[in-house]
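Okay, so here's the structure we're looking at.
Computed from the coordinates by the stated procedures, all read-outs in this text should not be read as laboratory data. Small disclaimer: the values here were computed from a predicted structure and weren't measured. Counting neighbours? That spans all protein chains shown, and the Cβs are built from the backbone with ideal geometry, glycine included.
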Amino acid sequence: MEPRTFRICVLPGDGIGPEIMAEAIAVLTALGESEGVAFETAEALFGGVAIDATGSPMPTATLDAALAADAVLLAAVGGPKWDTTDPDKPRPEQGLLGMRKELGLFANLRPVRVFAPLADASSLKPEVLEGVDMLIVRELTGGLYFGERARQTGVTGAAEGGGPGRRAYDTMDYREFEIARIARVAFEAARGRQGRLHSVDKANVLESSRLWREVVHEVARDYPDVEVIDQLVDNTAMQLVRRPAQFDVIVTENMFGDILSDEASMLTGSLGMLASASLGEGTALYEPSHGSAPDIAGQGVANPLAMLLSVELMLRHSLDMHGAADRLAAAIAGVLEDGFRTRDIAGEDTAADRMVGTAEMGDLVRLRL
Ligand code: IPM
Ligand code: MG
């Protein structure tokens with residue numbers, strides 16, 4: 001019998017991207033062999049490298065490959081080479097936002113799990129981290145990231161109350177259906193977990209947040225088993241470091257979710273430990289929550305675990321391979337229990353022979369599988 005075949009579109013991108021992606025592919029290949037499944041991986045240009053090669057951060061061929069795949073694995077994009085404030089120049093991040101929009105990936109799931117052996121890698125006290133296990137559900141295709149925006153150069157007229165000088169604006173824009181569908185994703189997730197949902201907004205100031213709150217409570221009627229707590233985003237930022245174990249599922253708009261998830265990643269000890277799944281109607285995309293870390297690119301020291309945890313999410317959400325996902329999660333936990341650390345998660349007591357680089361960390365996980 002032919003083995004089951006999954007087509008994975010692979011986007012290594014920029015910076016540390018290719019290094020951590022190599023580990024993901026090696027782990028995937030090993031898993032495929034033991035599970036009797038074939039992973040057909042097809043690499044495509046994305047981000048800064050795509051700008052260099054084609055002028056566009058998301059070439060049509062890449063988008064087509066992503067649309068045709070069973071799932072997309074993305075490492076990271078961006079770097080100083082392509083940093084610009086010129087609105088007419090292409091930027092790698094536009095590729096990422098374009099991909100999210102084109103694939104309709106409105107729901108971004110970022111699980112924040114504290115691996116017990118890493119409790120001392122966090123900048124917070126271990127007792128604060130006890131019991132932390134949360135899921136951040138970030139709206140991904142609306143809000144400030146995609147609202148009406150403009151940059152006006154030159155002099156603005158007296159009619160607009162303007163004087164000389166440049167002007168720029170972005171708009172936090174949400175429609176009812178966008179809020180309702182992300183709320184449903186969050187309620188469903190909460191139902192399968194501890195049944196507690198924090199809906200995070202800024203309803204004391206923003207109109208879009210007041211609509212957000214209304215719609216979330218309308219959707220809540222279908223989920224009487226889930227407790228909903230409204231929380232203002234500034235308070236959430238504080239609560240995340242004060243008593244993070246209070247959170248089960250957090251649902252919030254795009255920009256708030258971007259900021260809060262970086263903050264929450266430090267509960268795990270490192271941004272290098274936070275994976276994400278971006279889901280929509282069709283092909284889903286899996287990527288670490290961290291960026292391309294150009295400062296350490298090419299040195300072989302980047303932590304590949306967020307990338308590998310993203311593979312775990314792909315096995316669960318797109319490929320229905322829960323056994324393999326469990327094995328991968330256990331292998332990662334095991335390697336950490338054995339004391340192995342990349343630089344970002346090393347502590348003062350990390351033994352010299354337990355300090356590893358990107359490839360070694362990937363190998364250790366693969367051997368455990
Ligand atoms: C993330 C990143 C992206 C975002 C950037 C790279 C555009 O920070 O995935 O959190 O802001 O969404
Ligand atoms: Mg971010």
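Per the Debye formula with a single identical scatterer at each Cα and no solvent contribution, what log10 I(q)/I(0) holds for the chain at q = 0.07, 0.09, 0.10, 0.12 Å⁻¹?
-0.32, -0.53, -0.65, -0.94
Scan the chain and report its longest stretch carrying no GluC sites (Glu not before Pro) that are both in a DSSP loop and have at most 14 other Cβ atoms within 10 Å.
Here the longest run is 149-280.
If you place +1 on the Cβ of every Lys and Arg and -1 on the Cβ of every Asp and Glu, how big does the dipole about the Cα centre of the chain come out, in debye to the nearest 20? Walk me through the intermediate numbers first.
Numbers: 34 positive and 56 negative charges, 95 e Å.
The calculated dipole for the chain is roughly 460 debye.
DSSP beta bridges in the chain, what fraction antiparallel, as a percent rounded to 5?
40
Sequence gap at least 6, Cα distance under 8 Å: using those rules, report the relative contact order of region 123-268 to the nearest whole percent.
Result for region 123-268 is 36 percent.
Got a sec? Charge dipole of region 262-364, +1 on Cβ for Lys and Arg, -1 for Asp and Glu; which of G280, I345, M266 is way out at the positive end?
G280
Between D173 and Q246, with labels modelled 7 Å along Cα→Cβ, what's the label distance in nm to one decimal, could you check?
3.5
Assuming a viscosity of 1.306 mPa s and a temperature of 10 °C, what translational diffusion coefficient in µm² per second does Stokes-Einstein assign to region 245-295, Rh being the Kirkwood radius over Cα pairs? Intermediate results must be reported in sequence, preceding the final value.
On the way: Rh = 12.4 Å.
Diffusion coefficient, whole number: 128 µm²/s.
At a threshold of 8 angstrom on Cα-Cα distance, excluding pairs fewer than six apart, so keeping six or more, what relative contact order does region 1-155 reach in percent?
Dividing the mean separation by the residue count of region 1-155 yields 22 percent.
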